[in-house]
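Colleague: Below you will find the structure I want to go over with you.
The values are calculated or read from the model by the stated rules, or taken from the named source; none is laboratory data. Keep in mind that this is a model prediction, so the values were computed, not measured. Neighbour counts run over all protein chains shown; Cβ positions are idealised from the backbone, glycine included.
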Amino acid sequence: MTEDTSIAELEAFLEKHPDTRFMDVFAADINGIIRGKRIPKEDFSKPFQKGANFCASAALLNSRGEAAENHQYGAHDGDPDIRSVAVPGSLAPVPWASVPTAQCLLELQEFDGKPFFGDPRNVLKRAMKPLIEELGLRPILATELEFYLYDYDGDTFIPRHPKIAGSDWDQLGVQFGSFDDLDDVEPFLMDLDTFCRIQNVPAGAALAEYSPGQFEVNLQHVADPVLACDHAILLKRAVKAAAKKNGLAASFMAKPFAEHAGCGLHVHVSLVDEAGNNVFSGQSADGEFSETLRHAIGGLAETMPDAMAVFAPNANSYRRYAPGFFVPAKPTWGPNHRDLALRIPVSGQDNRRVEHRVSGADACPYLVVAAILAGLHHGIKNQSDPGPMTHEREDIPYEVTLPVRWDKALDVWEAGTVLPKYFGEEFHRVYGLAKREESDIFHSEVTDRDYEWYLRAV
């Protein structure tokens, strides 16, 4: 979008919403956490024209919002500004704001117009280029996000339990797919639906999940992976806003409650050629699925260990990998089986796709999808072998072959040679350093469990 068309988008918005007083402008950092600022009306035009200044380090902060000490960005380089520009089509009202407010996604650039290497949105754009430019394949993508609504009981955080009808008693236990659970939070769901419609976020089905207070919202598939991830980021913001409006709290933490299911980010992806044909459709001469699909799955399996530091980006992420919760810890694949890392859902040939089930909901969607598209390209280009297929209804033992400990995942990330080609060498290096420092800080803290187990005993 040119500067002229960009400012035209702003002018059309203000003509429709003339009372708008503020605008929230933001980008997602490497953790998928929104970082930005609220600007007054007199500054609205800046991101839509020449661009507005934005701290370069904001894209590279740790989960606590701090600049890492072990790389030069933010802590040791004077924290310079770069340029931020409005993402076309992302300007929308903020319906939960107390005064008329708009919001707009940003993309980060150097002042010469080159993409800023540290912006996860730019990382995804870079990672998807080989599929499009070398293989002539275009990804079709959708995400599913799980989250908890939670309470505080005066002592600790607990999942929000629905009430037994006609009482103030908590309904204990798991009621998967319960309409009573949906009805219990109907005002929240109605607000969320309204927010998403106003902000053009294509939210689909809402589902009460496998634990009390846990829900899933599906996003509709789109032919632009970057836009699909934009939708995921905006959905997270809308979920938290709708929860707050209804006196609730929402979290996409991977494993907030040890005894309950974790929260995943499931990604559905297919590939179409220049004629619009799904290249995952059809059958091989000796198998149920096409060779292209098999090679794509092979690439996803080969790159999955290297990408675990992205799929599980913080300490809590790794608590999610446990048997009994449909969270795979091995790069398995097959049709219609939720214990697998790479599931082929039931569908017609035109809709044949892979569901990637490894990532947690706490991960940055842009980086997760970047890793997935890198795996697809790597597998198809190198005709990777996916290994043996798990069949529908097959009873499989829970096996761990992926690095499901934070430090081990970072070791594998740092030693990786495939993903840097897609993510960019500098981003790959800086991400590893930032996450390594975050891990070191986390594990250096003395917790209450240390006192419970060791203070008196040793």
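Colleague: Give the residue that is surrounded by the fewest Cβ atoms within 10 Å (Cβ to Cβ), with candidates limited to residues of segment 296-319 that are outside any loop (DSSP other than H, G, I, E, B) and in contact with a strand residue (DSSP E or B) (Cβ under 8 Å, 6 or more places away or on another chain). It would help to see each step written out before you state the result.
Modeller: First pass over segment 296-319, keeping only residues outside any loop (DSSP other than H, G, I, E, B): 296-311, 315-319.
Next cut, in contact with a strand residue (DSSP E or B) (Cβ under 8 Å, 6 or more places away or on another chain) only: 296-297, 300-301, 311, 317.
On the way: Ala296: 29, Ile297: 29, Leu300: 28, Ala301: 21, Phe311: 24, Ser317: 24.
Among those residues, the one meeting the criterion is Ala301.
Colleague: Sticking with this one: Is one or more of the residues making up segment 91-112 out of contact with any strand residue (DSSP E or B) (no Cβ under 7 Å at 6 or more places or on another chain), modelled with pLDDT under 95 and part of a loop (DSSP other than H, G, I, E, B)?
Modeller: yes
Colleague: Quick test for you: out of Lys129, Lys163, pick the one residue that is under 21 Å from the mean Cα position of the chain (by Cα) and on the phi < 0 side of the Ramachandran plot.
Modeller: Numbers: Lys163 fails: under 21 Å from the mean Cα position of the chain (by Cα).
On inspection, the qualifying residue turns out to be Lys129.
Colleague: Working carefully through the options Asp19, Asp79, find the one that is over 28 Å from Ile198 (Cα atoms), among the acidic types (Asp, Glu), in contact (Cβ under 8 Å) with a residue 12 or more places away in the chain and not in a strand (DSSP E or B). First the steps, then the outcome.
Modeller: Working: Asp19 fails: over 28 Å from Ile198 (Cα atoms).
Every option except Asp79 fails the conditions.
Colleague: For segment 387-403, enumerate the residues that are under 15 Å from Ala301 (Cα atoms) and either at pLDDT 95 or above or β-branched (Val, Ile, Thr) (or both).
Modeller: If we filter segment 387-403 for residues that are under 15 Å from Ala301 (Cα atoms), which is where we start, we get 387-390, 399-403.
Residues satisfying the conditions are Thr390, Val400, Thr401, Leu402, Pro403.
Colleague: While we're on this one: Being touching a residue at least 60 places away in the same chain (Cβ under 8 Å) and either aromatic (Phe, Trp, Tyr) or closer than 20 Å to Ala28 by Cβ (or both) is the filter here; which residues of segment 187-201 pass it? Steps first, please.
Modeller: The initial filter retains those residues of segment 187-201 that are touching a residue at least 60 places away in the same chain (Cβ under 8 Å), namely 188, 191, 194-195, 198-200.
If the condition is that a residue be touching a residue at least 60 places away in the same chain (Cβ under 8 Å) and either aromatic (Phe, Trp, Tyr) or closer than 20 Å to Ala28 by Cβ (or both), then Phe188, Phe195, Gln199, Asn200 are the ones that fit.
Colleague: Let me ask you something else. What pairs can you find where one residue is in segment 345-357 and at negative phi, the other is surrounded by fewer than 16 Cβ atoms within 10 Å (Cβ to Cβ) and at pLDDT 90 or above, and their Cβ atoms are less than 6 Å apart, with a gap of 6+ or different chains?
Modeller: Glu355/Pro345
Colleague: Within 26 Å of Asn200 (Cα to Cα), surrounded by 21 or more Cβ atoms within 10 Å (Cβ to Cβ) and not β-branched (Val, Ile, Thr): does that describe Pro115?
Modeller: Details: within 26 Å of Asn200 (Cα to Cα): yes; surrounded by 21 or more Cβ atoms within 10 Å (Cβ to Cβ): no; not β-branched (Val, Ile, Thr): yes.
Answer is no for this residue.
Colleague: Follow-up. Can you find a residue in segment 143-151 that is among the aliphatic types (A, V, I, L, M), within 18 Å of His231 (Cβ to Cβ), under 22 Å from the mean Cα position of the chain (by Cα) and not assigned by TED's automatic domain parsing to the domain that holds Gly264?
Modeller: Scanning segment 143-151, I find no residue that is among the aliphatic types (A, V, I, L, M), within 18 Å of His231 (Cβ to Cβ), under 22 Å from the mean Cα position of the chain (by Cα) and not assigned by TED's automatic domain parsing to the domain that holds Gly264, so the answer is no.
Colleague: Test Arg449 against the criterion of being without any contact (Cβ under 8 Å) to a residue 60 or more places away in the chain and in a strand (DSSP E or B), and give yes or no.
Modeller: Numbers: without any contact (Cβ under 8 Å) to a residue 60 or more places away in the chain: yes; in a strand (DSSP E or B): no.
No.
Colleague: When you scan segment 331-354, do you find a residue that is charged (D, E, K, R), within 26 Å of Asn316 (Cβ to Cβ) and touching a Ser or Thr at 6+ places or on another chain (Cβ under 7 Å), even just one? Walk me through how you get there before you give the answer.
Modeller: Within segment 331-354, the subset charged (D, E, K, R) is 338-339, 343, 350, 352-353.
From what is left, the residues that are within 26 Å of Asn316 (Cβ to Cβ) are 338-339, 343.
Now narrow it down to the ones that are touching a Ser or Thr at 6+ places or on another chain (Cβ under 7 Å): none.
Taking every residue of segment 331-354 in turn, none turns out to be charged (D, E, K, R), within 26 Å of Asn316 (Cβ to Cβ) and touching a Ser or Thr at 6+ places or on another chain (Cβ under 7 Å).
Colleague: Among the numbered criteria (1) surrounded by fewer than 17 Cβ atoms within 10 Å (Cβ to Cβ); (2) more than 27 Å from Ala241 (Cα to Cα); (3) touching a Lys or Arg at 6+ places or on another chain (Cβ under 8 Å); (4) not small (Gly, Ala, Ser), which single criterion is violated by Lys129?
Modeller: For Lys129, the exception is condition (3).
Colleague: Taking strands (runs of 3 or more DSSP E) that fall entirely within segment 320-414, which contain at least 1 residues that are within 30 Å of Ala27 (Cα to Cα)? Walk me through how you get there before you give the answer.
Modeller: On the way: elements: 333-335, 342-344, 354-356.
Filter on segment 320-414 gives 342-344, 354-356.
Colleague: Looking at Val25, is it touching a Cys at 6+ places or on another chain (Cβ under 7 Å) and assigned to a strand (DSSP E or B)? If you could, list the steps in order and put the result at the bottom.
Modeller: Values: touching a Cys at 6+ places or on another chain (Cβ under 7 Å): yes; assigned to a strand (DSSP E or B): yes.
So Val25 fits the description; yes.
Colleague: Can you pull out the strands (runs of 3 or more DSSP E) entirely within segment 202-295 that have at least 3 residues that are more than 17 Å from the chain's Cα centre (by Cα) and touching a residue at least 12 places away in the same chain (Cβ under 8 Å)?
Modeller: Numbers: elements: 203-208, 214-219, 249-251, 265-272.
Because the criterion is at least 3 residues that are more than 17 Å from the chain's Cα centre (by Cα) and touching a residue at least 12 places away in the same chain (Cβ under 8 Å), the strands (runs of 3 or more DSSP E) in segment 202-295 that meet it are 203-208, 265-272.
Colleague: Please tell me if Lys240 is surrounded by fewer than 20 Cβ atoms within 10 Å (Cβ to Cβ), at pLDDT 95 or above and either among the hydroxyl-bearing types (Ser, Thr, Tyr) or farther than 24 Å from Val346 by Cα (or both). Show your work before the answer.
Modeller: Details: surrounded by fewer than 20 Cβ atoms within 10 Å (Cβ to Cβ): yes; at pLDDT 95 or above: yes; either among the hydroxyl-bearing types (Ser, Thr, Tyr) or farther than 24 Å from Val346 by Cα (or both): yes.
Answer is yes for this residue.
Colleague: Also, quick follow-up: Among the residues in segment 302-317, are any assigned by TED's automatic domain parsing to the domain that holds Ala415, modelled with pLDDT under 95 and either farther than 29 Å from Glu425 by Cβ or not acidic (Asp, Glu) (or both)?
Modeller: Kept after step one, since they are assigned by TED's automatic domain parsing to the domain that holds Ala415, are these residues of segment 302-317: 302-317.
Checking which are modelled with pLDDT under 95 leaves us with none.
No: zero hits.
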